[in-house]
Amino acid sequence: MVERWSDTVLRIAWTWTGSVHDAQDICQTVLLKLLTSPRRFAEERLERAWVVRVAVNCCKDWKKSAWVRRRLPLEAAAHAAVHLPEPGESPVLAAVQALPERYRQAVYLRYYEGYEPAEIGTLMGCTASQVSTYLYRGKAKLRNMLGGAYGQECLSE
């Protein structure tokens, strides 16, 4: 179970936190909940939806924590001033990370995890129509950020 879900949970947590260490902490929490949960699912897609939902909720809890609120403004200011992607980091992923939260979540779940807008709406607590709007606006922002470097085919669907 841990091998099957750890990568997905870690990627979701990293998109929320931007920090490998915080993402690993969240991943550990989610996997512990998964292992101690009495829930068993008949289909993998149902289990996947539950795991993603738990991961998103843990990320929201992390973001609301007093520790993060105290440290976030300083990190956000430093991030806004200069963000140099790490060597090998994808410029597209860096641009996705720079999107506002709701656009980043929608884009990540759609294009990195393969969820449909209706499923994303359930995970994010909004309608499929709102998700489609977030995706449209997120892709428009990505086009502006990337300056056409990747062509229209990468950002069209």
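What follows draws every value from the coordinates through simple rules; no lab data is involved. Keep in mind it's a predicted model, so treat the numbers as computed, not measured. Please note: Cβ atoms are built from the backbone with ideal geometry, for glycine as well, and neighbour counts cover all protein chains shown.
Key figures for this structure:
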read-out: Derived scalar couplings ³J(HN,Hα) [segment 117-128; Karplus, 6.51 cos²θ - 1.76 cosθ + 1.60; whole Hz; x for Gly, Pro]; value: x, 5, 5, 5, x, 4, 5, 8, x, 9, 7, 4
read-out: Derived scalar couplings ³J(HN,Hα) [segment 94-111; Karplus, 6.51 cos²θ - 1.76 cosθ + 1.60; whole Hz; x for Gly, Pro]; value: 4, 5, 4, 4, 7, 5, x, 3, 5, 5, 4, 4, 4, 5, 4, 5, 6, 9
read-out: Packing rank of 7-15, 31-39, 125-133, where each peptide gets the mean count of other beta carbons within 10 Å, highest leading; value: 7-15, 125-133, 31-39
read-out: Lysines whose Cα lies under 27 Å from that of Lys33, excluding same-chain neighbours fewer than 8 positions away; value: Lys60, Lys63, Lys64
read-out: Cβ-Cβ FRET estimate between Ser129 and Trp50, R0 fixed at 22 Å, reported to 0.05; value: 0.35
read-out: J(HN,Hα) series, segment 12-19, from Karplus relation 6.51 cos²θ - 1.76 cosθ + 1.60, nearest Hz, glycine and proline x; value: 4, 4, 5, 5, 7, 9, x, 10
